[in-house]
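Notes follow the structure.
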Amino acid sequence: MLLRALLLLFMFFYLTSRTDSWGQKVNQFPKKTDPLHVKVELFDQLMRGNHWNEGAIMQHVIFPPAGLERPIVGSQADCLDPTSEMLAAYSHKYALTKDPKDRDIANQIFEAVLKLEEVTGVPGLVARSFNQTDEPLWHEEVLWYHEWHKSTSLPGYRWLGDLSSDKFTSICYGVGTFWELCADDAYKQKAAGLLDRFMGRVVDNNFKLTDLDGKMTMWGNFCPDLPHQPLNSLKMLMGLKVAHRITGKERYNAAYHMLIDRYHYDDEQLKAKMLFPAEWRNVGDDYHAARSLYMLMRYEKDRNLLNKYRMSLNRHWEDWKTINFDWESNIWFIMVYQTLTGEEIMTEERKKAIKDMWGFERQTREFKIPMKGGGTKTVKSEEEGTAAAMIRNYWFGRYYGLIDPKW
């Protein structure tokens, strides 16, 4: 009996010490009057405690009774966004601290991105999200399209397909930042392998994201032979530039210049920002453009192409310079602009917006849960959004000297 008790005690401490353990939810929230570094630390604990799904970061978590003890119930279509943001955050953080614990967390998040590929069973095909479950969960029916699949490569898992161009950006941005700032030699090889399989599949399918059935996904069109958004031209140029930088393979450099020389993607990307009419402006598109320009402009060496990318950035700046800071990534646009241009544009108002950054409020809602026999039942539960962008903003700003650690 004593031996069994000691064994159980050991297992308890082992499981509760692991970052990926299924623990109780974290409940300590910061106050809005707290210093920025305190808010970031507490939101980081909330994210890793409540949103951590085997290293993947859930964008939205519904707690029991509508959810489960594990953070796998909620809308998950955009999980690659907070996952890539936390991967970038810890990559910037490690570049500053050189703390092995920060690198270990980044490695675990990157391993989750690898698992998003592994769970599909197709090299280069990346899922939006995954869950360890044998049965469909209720949110699959009501919170996104019917694109959930039973994994054949990882029995006991389900995954969400129909990858989109914004998740393409998340993969290239997050993995690229990890490779650049944080990964050791072994993880650099893993990152290069993932980007090679992912981008290779896109190039092989004529610059389209294709799903399990081989057909183009709903928002997966970067194809030069099909009408596509100018923003997607910018994203594809960024993806190819990052893939060439990380893998060293000439095929991505050749594809990059082919899209420029033959299809003029460098000219198309100039129109990535919609300015007029003002009501057509889309802050989500701005976010994808900001990440793309951040990666692309730092890697490109050709002065003529850099001038065109700077023109695209200037077009975005026409809107950003008067933007309201009512969305977590808006202040990041300002930081990206200053980082890329070297212009000193940090006014007191913008500094205050950085200091006032906030993650989320926990809310209580009623959820209509579909029943197997038909009909629905109404369940009231708490839910949380994501603070990953706020955490990324902070460590990005710290890395580039835009945020005082005393704030």
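The values are calculated or read from the model by the stated rules, or taken from the named source; none is laboratory data. Because the structure is predicted, anything quoted here is derived from the model rather than measured. When we count neighbours, we look across all protein chains shown, and the Cβ atoms used for this are built from the backbone with ideal geometry, even at glycine. Protein only, heavy atoms only, side chains kept; ligands, DNA and RNA dropped before computing areas. Shrake-Rupley method; radii C 1.70, N 1.55, O 1.52, S 1.80 Å.
Scanning segment 232-259 for residues that are open to solvent by 20 Å² or more (accessible area, probe 1.4 Å) and in a helix (DSSP H, G or I) yields a count of 10. Here segment 167-195 is the region considered, the condition is being among the acidic types (Asp, Glu) and either assigned to a loop (DSSP other than H, G, I, E, B) or more than 16 Å from Met238 (Cβ to Cβ) (or both), and the residue that is farthest from the chain's Cα centre (by Cα) is Asp185. In segment 367-383 there is at least one residue that is in contact (Cβ under 8 Å) with a residue 40 or more places away in the chain, polar (S, T, N, Q) and touching a Pro at 6+ places or on another chain (Cβ under 8 Å).
Rundown of residues vs (1) in a helix (DSSP H, G or I); (2) surrounded by 24 or more Cβ atoms within 10 Å (Cβ to Cβ), yes/no style:
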site	(1), (2)
Lys25	no, no
Asp34	no, no
Val38	yes, no
Glu69	no, no
Ser75	no, no
Met86	yes, yes
Lys101	yes, no
Ala106	yes, yes
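Comparison of Glu318, Glu328 shows that the only residue that is under 23 Å from Ala278 (Cα atoms), out of contact with any strand residue (DSSP E or B) (no Cβ under 9 Å at 6 or more places or on another chain), touching a residue at least 60 places away in the same chain (Cβ under 8 Å) and not polar (S, T, N, Q) is Glu328.
Right, Pro64: within 15 Å of Glu383 (Cβ to Cβ), open to solvent by 30 Å² or more (accessible area, probe 1.4 Å) and part of a loop (DSSP other than H, G, I, E, B) or not? It is true that Pro64 is within 15 Å of Glu383 (Cβ to Cβ), open to solvent by 30 Å² or more (accessible area, probe 1.4 Å) and part of a loop (DSSP other than H, G, I, E, B).
The C-beta contact set for segment 41-56 (first residue under 17 Å from Lys101 (Cα atoms), second residue of a type in the set (Gly, Ala, Ser) and open to solvent by 10 Å² or more (accessible area, probe 1.4 Å), distance under 8 angstrom, 6+ apart or interchain) comprises Met47/Gly359; Gly49/Gly23.
Only a single criterion out of (1) of a type in the set (Val, Ile, Thr); (2) modelled with pLDDT of 95 or more; (3) over 15 Å from Asn393 (Cα atoms) is not satisfied by Thr339, namely (3).
Does Gln229 fit the bill of being open to solvent by 30 Å² or more (accessible area, probe 1.4 Å), more than 23 Å from Ile260 (Cα to Cα) and either of a type in the set (Lys, Arg) or more than 20 Å from the chain's Cα centre (by Cα) (or both)? Criteria not met by Gln229. Within segment 216-226, the set of residues being open to solvent by 70 Å² or more (accessible area, probe 1.4 Å) and either among the aromatic types (Phe, Trp, Tyr) or touching a His at 6+ places or on another chain (Cβ under 8 Å) (or both) comprises just one member, Trp219. None of Gly385, Gly397, Gly401 is within 17 Å of Tyr94 (Cα to Cα) and out of contact with any helix residue (DSSP H, G or I) (no Cβ under 7 Å at 6 or more places or on another chain) except Gly401. Which members of segment 57-101 meet the condition of being without any contact (Cβ under 8 Å) to a residue 24 or more places away in the chain and among the charged types (D, E, K, R)? If the condition is that a residue be without any contact (Cβ under 8 Å) to a residue 24 or more places away in the chain and among the charged types (D, E, K, R), then Lys98, Asp99, Lys101 are the ones that fit. Taking the listed residues Val175, Val126, Val119, the one that is in contact (Cβ under 8 Å) with a residue 40 or more places away in the chain, crowded, with 23+ Cβ neighbours inside 10 Å, out of contact with any helix residue (DSSP H, G or I) (no Cβ under 9 Å at 6 or more places or on another chain) and not hydroxyl-bearing (Ser, Thr, Tyr) is Val119, with no other qualifying.
Selection of helices (runs of 4 or more DSSP H) fully inside segment 330-407 by the criterion of at least 3 residues being open to solvent by 10 Å² or more (accessible area, probe 1.4 Å) and within 22 Å of Val38 (Cα to Cα) returns 348-355, 388-399. Kindly indicate whether Trp407 is modelled with pLDDT of 95 or more, touching a His at 6+ places or on another chain (Cβ under 9 Å) and more than 30 Å from His257 (Cα to Cα). In short, yes.
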